[in-house]
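Notes to accompany the following structure.
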Amino acid sequence: QVQLVESGGGLVQAGGSLRLSCAASGIIFSSHAMGWYRQAPGKQRELVARITRGGSTAFPDSVKDRFTISRDNAKNTVYLQMNSLKPDDTAVYYCFSETPGTMYKYWGQGTQVTVSS
């Protein structure tokens, strides 16, 4: 049984920081690319971070230089460090795990991030 359990979301003031965590089970974690999408009402779903099995990372311009993704293979956990948060970062953030070869994605339940102005 594959499960991705997210934590760390909440309410924060503009300019503040949050650290999201995603703990995975039921997969060979070290073989999977991991990442985060976000979805805000009235906006397109947006990939905000991805990290490969080898540790390479990618970010869109909207979060580049503010967000950092990392992974701890010993803990089967991926993190999203979000700094200098803006109200436009308000969204539900979803963790994903990407299966090698097929690229099939497993998803977490989502965690709400709200940034007040």
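The values are calculated or read from the model by the stated rules, or taken from the named source; none is laboratory data. It should be emphasised that the depicted structure is a prediction, and the values quoted were computed from it without experimental measurement. Glycine gets a Cβ as well: all are built from the backbone with ideal geometry, and neighbour counts include every protein chain shown. Accessible surface is based on the protein model in full, side chains and every heavy atom, while ligands, DNA and RNA are left aside. Shrake-Rupley method; radii C 1.70, N 1.55, O 1.52, S 1.80 Å.
I'd like the full set of residues that are over 20 Å from residue 76 (Cα atoms), in a strand (DSSP E or B), open to solvent by less than 30 Å² (accessible area, probe 1.4 Å) and of a type outside the set (Val, Ile, Thr), limited to the range 1-16. Of everything in the range 1-16, just one residue is over 20 Å from residue 76 (Cα atoms), in a strand (DSSP E or B), open to solvent by less than 30 Å² (accessible area, probe 1.4 Å) and of a type outside the set (Val, Ile, Thr), namely 10.
Given the criteria in contact with a Phe, Trp or Tyr (Cβ under 9 Å, 6 or more places away or on another chain), of a type in the set (Lys, Arg) and over 18 Å from residue 81 (Cβ atoms), does residue 45 qualify? First the steps, then the outcome.
Values: in contact with a Phe, Trp or Tyr (Cβ under 9 Å, 6 or more places away or on another chain): yes; of a type in the set (Lys, Arg): yes; over 18 Å from residue 81 (Cβ atoms): yes.
For residue 45, the condition - in contact with a Phe, Trp or Tyr (Cβ under 9 Å, 6 or more places away or on another chain), of a type in the set (Lys, Arg) and over 18 Å from residue 81 (Cβ atoms) - is met.
Residues in the range 43-56 that are of a type in the set (S, T, N, Q) and open to solvent by 70 Å² or more (accessible area, probe 1.4 Å): 44, 56.
Just one of the listed residues (97, 116) is in contact (Cβ under 8 Å) with a residue 24 or more places away in the chain, open to solvent by 30 Å² or more (accessible area, probe 1.4 Å) and among the small types (Gly, Ala, Ser), and it is 116.
Any chance the range 81-92 includes a residue that's open to solvent by less than 60 Å² (accessible area, probe 1.4 Å) and farther than 20 Å from residue 116 by Cα? No, because not a single residue in the range 81-92 is open to solvent by less than 60 Å² (accessible area, probe 1.4 Å) and farther than 20 Å from residue 116 by Cα. Take the residues in the range 17-42 that are open to solvent by 20 Å² or more (accessible area, probe 1.4 Å) and either among the β-branched types (Val, Ile, Thr) or not in a strand (DSSP E or B) (or both), then tell me which one is nearest to residue 67 (Cα to Cα). Among residues in the range 17-42 that are open to solvent by 20 Å² or more (accessible area, probe 1.4 Å) and either among the β-branched types (Val, Ile, Thr) or not in a strand (DSSP E or B) (or both), the one nearest to residue 67 (Cα to Cα) is 17. Among the residues of the range 100-113, the one identified as of a type in the set (A, V, I, L, M, F, W, C), surrounded by fewer than 15 Cβ atoms within 10 Å (Cβ to Cβ) and touching a residue at least 60 places away in the same chain (Cβ under 8 Å) is 107.
Here are some residues: 102, 114, 68. Which one is of a type in the set (Val, Ile, Thr) and assigned to a loop (DSSP other than H, G, I, E, B)? Lay out the reasoning, then the answer.
Values: 114 fails: assigned to a loop (DSSP other than H, G, I, E, B); 68 fails: assigned to a loop (DSSP other than H, G, I, E, B).
Answer to the selection: 102.
Can you say whether residue 62 is polar (S, T, N, Q), in a loop (DSSP other than H, G, I, E, B) and surrounded by 13 or more Cβ atoms within 10 Å (Cβ to Cβ), as far as the supplied structure shows? Yes, satisfied.
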